[in-house]
Amino acid sequence: MAVEQAIQETKLVADEAVRVVDDAVANLGASADQLIAILQQVQRTMGYLPRAALRRIAEALDMPFMQVFQVATFYKAFSLEPRGRRVISVCTGTACHVRQSPLILEALERKLGIEVGQTTDDGEFTLLKVGCLGACALGPVIDVNGAVFGQMTVAKAEKLPDQLLKEDHRGTQK
Ligand code: FES
């Protein structure tokens, strides 16, 4: 039963990937020059780049699959695995590093029970480390889905996941 369910889910993802890629190609054009823009649009829509999407892009642009795969794995902004609803990115650029961002990262790993690059089992959080986010004056800095949290401390970082969950809960009650 579990296997059947997994097959069914894989098929649903593949069907959606084909639809999303076809939309992106229709919007942006079936040209190799548009490869990165198409990958960006698919990732924005699906949250990541399933293999089925990469295969469809290769077909649509008449490119070898390996070439599409290499571009998708070269850029850190792209993910080939599903990400959590909230992506917590801890800046480890120089300015944040000297202000203890590695300790903040460790605190989040402990709090979430995952390592950098992983997603919590409930799909709520993905934890990443990133280079300079361009807000060094506010360091140490964390980005959550594009929102910047500055002057982080270990204590604040430990509270952040619960705080985000609570805010979300309040948001759904409005
Ligand atoms: S080094 Fe962290 S924002 Fe620049």
Open item on the list: Can you tell me which condition A30 does not meet? The list is (1) outside any helix (DSSP H, G or I); (2) without any contact (Cβ under 8 Å) to a residue 24 or more places away in the chain; (3) not charged (D, E, K, R), and all the others hold.
Closed with: (2)
TODO: Only residues that are within 7 Å of the ligand (Cβ to nearest atom) and part of a loop (DSSP other than H, G, I, E, B): list them for segment 89-139, please.
DONE: G93, C132, L133, G134, A135, G139
- [ ] Collect the residues in segment 88-110 that are within 16 Å of D162 (Cα to Cα) and either without any contact (Cβ under 8 Å) to a residue 12 or more places away in the chain or open to solvent by 90 Å² or more (accessible area, probe 1.4 Å) (or both), keeping them in residue-number order.
- [x] R110
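The values are calculated or read from the model by the stated rules, or taken from the named source; none is laboratory data. Keep in mind the model is a prediction, meaning the values are calculated, not measured. All Cβ positions, glycine included, derive from the backbone under ideal geometry; neighbour counts span all protein chains shown. Ligands, DNA and RNA are excluded from the accessible area calculation, which covers all protein heavy atoms including side chains. Shrake-Rupley method; radii C 1.70, N 1.55, O 1.52, S 1.80 Å.
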